[in-house]
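Below: one structure, written as structure tokens.
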Amino acid sequence: MNKAELVISVQKHLGKGASKAASEKAVNAVIDSIAATLRKGKNVQLVGFGTFKVVHRKARMGVNPKTGEPLKIKPSKSVKFGVGKDLKSKL
């Protein structure tokens, strides 16, 4: 499912009175709120669904696969998602 399909699904769940524009605004608001919280370095826990966490990766040495030369990989941040108990049992 992509974002456009998610918007249509939300619109169907909201009922006949919901417009596609309102559904898209709701989906964007949720995504923006999650992103803003993660930018602050905080976790987002949606009980029954899962948890989004910011993960800090340390600097490390890697190897260029083309040349075999060692290279330094800079520290970075990434997002990790842990699935919730309820969602996992539904899969």
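The values are calculated or read from the model by the stated rules, or taken from the named source; none is laboratory data. Quantities reported herein were computed from a predicted structural model and do not represent experimental measurements. Ideal geometry is used to build each Cβ from the backbone, glycine not excepted, and the neighbour counts take in all protein chains shown.
Please determine, by comparing only the residues of the stretch 47-78 that are among the β-branched types (Val, Ile, Thr) and out of contact with any Leu (no Cβ under 6 Å at 6 or more places or on another chain), which one is farthest from residue 34 (Cα to Cα).
The residue in question is 67.
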**Prompt:** Within the stretch 1-60, how many residues are under 18 Å from residue 77 (Cα atoms), surrounded by 13 or more Cβ atoms within 10 Å (Cβ to Cβ) and over 14 Å from the mean Cα position of the chain (by Cα)?
**Reply:** 0
**Request:** Could you please let me know if residue 66 is at pLDDT below 95, over 26 Å from residue 7 (Cβ atoms) and among the basic types (Lys, Arg)?
**Result:** yes
**Prompt:** For the stretch 61-76, what are the residues that are among the hydroxyl-bearing types (Ser, Thr, Tyr) and either in contact (Cβ under 8 Å) with a residue 12 or more places away in the chain or surrounded by 10 or more Cβ atoms within 10 Å (Cβ to Cβ) (or both)?
**Reply:** 76
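Residue under question is residue 50, and the condition is that it be assigned by TED's automatic domain parsing to the domain that holds residue 78 and of a type in the set (Gly, Ala, Ser); does it hold?
On the way: assigned by TED's automatic domain parsing to the domain that holds residue 78: yes; of a type in the set (Gly, Ala, Ser): yes.
So residue 50 passes the test.
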